[in-house]
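This report concerns only the one structure given below.
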Amino acid sequence: MARMSAFQRLVTKYQRDVDFLIIYIEEAHPSDGWITTDSPYIIPQHRSLEDRVSAARVLQQGAPGCALVLDTMANSSSSAYGAYFERLYVIQSGTIMYQGGRGPDGYQVSELRTWLERYDEQLHGTRPRRF
């Protein structure tokens with residue numbers, strides 16, 4: 001849950017200039033599969049689109065104000081972007097501007113924060129110099 005908190009802080013800070021979108025893919029640690037002890041949720045493997053919709057509603061409670069869409073049951077978005085388990089991207093005008101590492105180990109909100117800070121500086125001018 002700490003990851004979502006850091007991500008949610010970025011959404012709050014940069015939402016005036018950036019559209020955030022979560023693509024909910026297949027469940028990485030379903031309760032009826034590869035179980036992890038640190039998951040705050042009990043979500044079984046999705047066997048239908050309705051299952052995925054129900055699970056996504058749980059996720060969206062932890063990310064208010066962030067748009068949420070679902071991957072297909074064939075997991076086409078996950079396959080196209082190499083997103084399994086989780087991954088952060090910045091896409092601008094159809095071009096991938098930032099591609100984070102694969103989660104959980106490569107999932108670094110701090111790297112995304114650095115990219116967003118630089119982007120914010122470009123949009124709103126440079127930071128004042130300290131003397």
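DSSP finds beta bridges in the chain, and of those with both partners inside it, around 50 percent are antiparallel.
Can you give the charge dipole size of the chain about its Cα centre, rounded to the nearest 20 debye, using +1 on the beta carbon of Lys and Arg and -1 on the beta carbon of Asp and Glu? About 640 debye.
Scanning residues 5 or more positions from residue 86 or on other chains, those with amide H under 5 Å from its amide H are 103, with H placed 1.01 Å from N in the peptide plane.
The C-alpha atoms of the chain define a longest principal axis, and helix 109-124 lies at about 40 degrees to it.
Surface composition of the chain: carbon and sulfur atoms hold 50% of the protein heavy-atom accessible area at a 1.4 Å probe. Fully extending the segment from residue 31 to residue 80 would add 15.1 nm, taking 0.36 nm per residue of separation and subtracting the current Cα-Cα distance. Taking θ as phi - 60° and the Karplus parameters 6.51, -1.76 and 1.60, the scalar couplings of segment 19-33 work out to 8, 9, 9, 9, 9, 7, 9, 4, 6, 6, 10, x, 5, 10, x Hz in sequence order, x denoting glycine and proline. Taking the charge dipole of the chain about its Cα centre, with +1 at Lys and Arg Cβ atoms and -1 at Asp and Glu Cβ atoms, the residue from 96, 46, 78 reaching farthest to the positive side is 96.
When the residues 76, 93 are ordered by accessible surface, computed with a 1.4 Å probe over the protein chains alone, the sequence from largest down reads 93, 76. Between residue 24 and 69, 70, 71, the built amide H atoms are under 5 Å apart, and every one of these is 5 or more places off in sequence or on another chain. Rolling a 1.4 angstrom probe over the protein heavy atoms with all chains in place gives the chain an accessible area of 68 Å² per residue.
For the chain, the spread of Cα coordinates along the three principal axes comes to 58, 30, 25 Å, biggest extent given first. What nm value, rounded to one decimal, do you get for the distance between residue 124 and residue 99 when each label is placed 7 Å out toward the C-beta? Taking the simple label geometry, residue 124 and residue 99 are separated by 3.0 nm.
The long axis of helix 49-61 is offset from the longest Cα principal axis of the chain by roughly 40 degrees.
The values are calculated or read from the model by the stated rules, or taken from the named source; none is laboratory data. Computed from a predicted structure; not experimentally measured. Backbone-built Cβ (ideal geometry, glycine too); neighbour counts: all protein chains shown. We work out accessible area using only protein heavy atoms, side chains counted, and drop any ligands, DNA or RNA first. Shrake-Rupley method; radii C 1.70, N 1.55, O 1.52, S 1.80 Å.
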